[in-house]
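Derivation of every value follows stated rules applied to the coordinates shown; laboratory data play no part. Worth saying up front: this structure is predicted, and the values here are computed from it rather than measured. Note that each Cβ is placed from the backbone with ideal geometry, even for glycine, and that neighbours are counted across all protein chains shown.
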Amino acid sequence: MEKTLVIIKPGAIQRGLVGEVIRRFEQKGLQLCGLKMLQLTDEILEEHYAHIVDKPFFPRVKAAMKATPVIVCCLKGMDAVHVVHRLAGATNGREAAMGTMRGDYSMSVQWNIIHTSDSIKTADLELARFFKEGEIFEYKQSYLEYIYSEDEII
């Protein structure tokens, strides 16, 4: 089973959507393995967004991500990276399909509710960035056999 990172961004926190975001992932059948609130720093944002740190809009992204604390989550499931990324929807909320989180709750690129890892490699790096050893938990999900077929459970 894969693990992936979700960051519930300041816009979702300000709008009281934290429970809704987590509920939608859990209703899909993903297992919550790690959860914590933290205030992002310049250093962690520059590392996390290294691919856009030199772009003229990066200061705006950094300010938005520091507007409130964020909530970081580790989710686990079959093809979790792909499933979570699809549930999030397109980055631009105006273009995201209805039924996705961004399609239902976002009208913006910047204030787009959540960040999700886009690959298994990225998920591994991001989980290590935001969670220390001992902060991601393994436990038996008692209803697993009602989410996956017997041959899918690993």
Worksheet, complete the sentence: Along the stretch 120-128, Karplus-curve 3J(HN,Hα) (6.51, -1.76, 1.60; θ = phi - 60°) to the nearest Hz, with x for Gly and Pro, reads 4, 4, 5, 4, 4, 5, 5, 4, 5
Practice prompt. Quick one: dipole size for the stretch 11-154, taken about the Cα centre, charges +1 on Lys/Arg Cβ and -1 on Asp/Glu Cβ, in debye to the nearest 20.
Written response: 660 debye
Item to complete: Compare the peptides 25-33, 7-15 by average per-residue count of other Cβ atoms within 10 angstrom and give them in order, highest first.
Response: 7-15, 25-33
Practice prompt. Using only Cα atoms, find the angle between the long axis of helix 18-28 and the longest principal axis of the chain, and express it within 0 to 90 degrees, rounded to the nearest 10.
Written response: 40 degrees
Worksheet item: Running Debye on the chain with equal point scatterers at the Cα sites and no solvent, what base-10 log of I(q)/I(0) appears at q = 0.14, 0.15, 0.20 Å⁻¹?
Response: -0.68, -0.78, -1.38
